[in-house]
Amino acid sequence: MKILLTGGGTQGHVSGNMALVPTLKEKGVTIDYVGTAKGMERSIVAQDEYIKYHIIPAGKFNRSFTWRNFRNAFRVVKGISQAKKLIREIKPDIVFSKGGFVTVPVVIAAKKSNVPVIIHESDFTPGLANKISSRYADKICTTFPETVGYFNSDKAVCTGSPIRGEIFTGSRELGYKLCGFTQQKPTIMVMGGSSGALALNQLTRAVLSDILPKYNVIHICGKDGTDPKYEGINGYKQFGYVSGELRHLFAATDITLSRSGSNAIFEFLALKIPMLLVPLPKGNSRGDQIVNAQSFEKSGFATVCRQEDLTPELLVQKLDELYKMRDKIKANMEGSALLNGTNTILELIFGMAKV
């Protein structure tokens with residue numbers, strides 16, 4: 001069996017695909033991946049020599065009218081042509097798309113080539129790329145049950161989020177060792193998403209003197225977010241980007257301060273790590289993180305604070321409140337049916353593949 005994976009632009013669009021890879025390998029499935037030349041998906045997929053990576057052009061459409069849409073339309077047309085050629089060459093039995101604008105040409109080309117297509121929507125409200133792709137998909141998987149209704153299609157089904165199996169294999173002891181922590185204090189993980197988050201980075205560093213007496217802090221601050229001034233502080237460890245060691249850092253974490261991208265928050269849910277979510281403001285995004293965070297708050301998995309409301313004093317207060325509530329939040333997480341959609345998605349893939 002051969003599968004063509006596609007997804008890019010953010011780490012969530014890639015790691016969801018990579019969560020499927022171990023089982024696909026075990027089953028002897030040939031795996032190809034389509035992404036862009038400069039997207040982060042290229043460097044992530046390159047870490048696995050089993051997967052062959054292919055590059056196509058992609059154009060990002062804006063929801064409002066802009067002349068840039070015309071230029072991007074040509075890129076999409078070129079991308080469809082190259083994707084059709086690639087599909088003829090590798091002859092996949094199925095295409096699985098995780099989202100991002102690179103996926104649109106691949107999904108359209110697969111449909112025109114009579115290759116079954118499954119797409120997965122991570123967020124509560126569908127992104128534009130998946131809205132377009134849904135017209136050509138044979139099956140639409142969603143992370144949130146409510147998202148099924150946004151597609152208005154009997155092709156849509158709630159599967160949950162594909163979760164990387166490796167994150168469950170971490171060691172708290174190794175996590176402490178990686179950070180150089182010597183005191184057995186509760187540990188906060190600060191995670192701003194695959195690109196970091198300047199506002200969260202600044203707020204975290206502003207309150208270090210208040211929180212370090214009570215907590216250790218693991219700060220994943222993005223590739224360009226580390227600051228040499230904060231190296232060597234007892235109980236504080238900053239990372240630009242973490243890959244293989246992340247499972248150990250998760251194991252060392254008691255509560256987290258995070259953006260509310262779907263992939264990240266569902267991994268925290270699966271690991272039963274209580275969350276203080278600060279969604280990306282709507283002016284900086286289409287508002288998907290706000291709705292994701294509201295859903296998790298309603299389910300009792302997280303507390304939420306708007307970035308524009310968050311002062312250093314309020315951040316300290318919110319973290320203390322979250323830690324006191326941790327057992328109640330974990331109990332809510334234990335009762336969730338939304339823990340891990342990996343097996344459900346794999347069953348759909350093997351059931352729909354043309355083999």
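What follows is calculated from the coordinates using simple rules that are stated; it is not laboratory data. Quick caveat, the model's predicted, so the values are computed rather than measured. Cβ: placed from backbone, ideal geometry, glycine included. Neighbour counts: every protein chain shown.
Summing charges over neighbours of Lys139, with a neighbour being any other residue whose Cβ is under 12 Å away from its Cβ, gives -3 when K and R count +1 and D and E count -1.
Listing Met325, Met191 from fewest to most neighbouring C-beta atoms within 10 Å gives Met325, Met191. The helix-based estimate of mean residue ellipticity at 222 nm for the chain, built from -39,500 (n - 2.57) per DSSP H run of four or more residues and divided by its residue count, is -11500 deg cm²/dmol to the nearest 500.
A P(r) calculated from all alpha carbon pairs of region 104-187, with 10 Å bins opening at zero, reads 16, 33, 18, 15, 14, 3 percent.
Sorted fewest first by neighbouring Cβ atoms within 10 angstrom, Ser262, Ser171 come out as Ser171, Ser262. Net charge of the neighbourhood of Asp309, taken over other residues with C-beta under 15 Å away and scored Lys/Arg +1, Asp/Glu -1, is -1. In the structure shown, the pairs Lys223/Lys282; Lys131/Lys318; Lys27/Lys223 are assessed against 31 Å; a Cα-Cα span above that value is assigned to Lys131/Lys318; Lys27/Lys223. According to the square roots a ≥ b ≥ c of the eigenvalues of the Cα gyration tensor, what is the shape class of region 163-244, taking rounded for a/c under 1.5, prolate for a/b larger than b/c otherwise, and oblate for the remainder? Because a/c hits 1.5 or more and a/b fails to exceed b/c, region 163-244 counts as oblate. The modelled label-to-label distance between Met1 and Leu208, using points 7 Å beyond Cα along the C-beta direction, is 4.9 nm. Computed from phi, the 3J(HN,Hα) profile of region 27-44 under the Karplus parametrisation 6.51, -1.76, 1.60 (θ = phi - 60°) reads 7, x, 7, 6, 10, 10, 9, 10, x, 9, 6, 10, x, 5, 4, 5, 6, 5 Hz, with x in place of Gly and Pro. When only alpha carbons are used to place a centre, region 289-322 and region 89-107 end up 36 Å from one another. Annotation for Ser171 and Asp227: the two label points, set 7 Å from Cα along the Cα-Cβ direction, are 3.3 nm apart.
The shape of the chain can be summarised by an equivalent ellipsoid whose semi-axes, obtained from the alpha carbon gyration tensor, come to 36, 21, 20 Å from longest to shortest.
With charges set only on the Cβ (+1 for Lys and Arg, -1 for Asp and Glu), what does the dipole of region 166-334 come to about its Cα centre, in debye to the nearest 20?
Working: 20 positive and 18 negative charges, 25 e Å.
In total the dipole reaches around 120 debye.
Net charge of the neighbourhood of Ser122, taken over other residues with C-beta under 11 Å away and scored Lys/Arg +1, Asp/Glu -1, is -2.
Beta carbons within 10 angstrom, averaged per residue: use that to sort the peptides 200-212, 93-105, 41-53, 268-280, highest first.
Working: 200-212: 17.6, 93-105: 27.0, 41-53: 15.5, 268-280: 23.0.
By packing density, highest mean first, the sequence is 93-105, 268-280, 200-212, 41-53.
Taking other Cβ atoms within 10 Å as a rough exposure proxy, Leu20, Leu174, Leu338 sort from fewest to most as Leu174, Leu338, Leu20.
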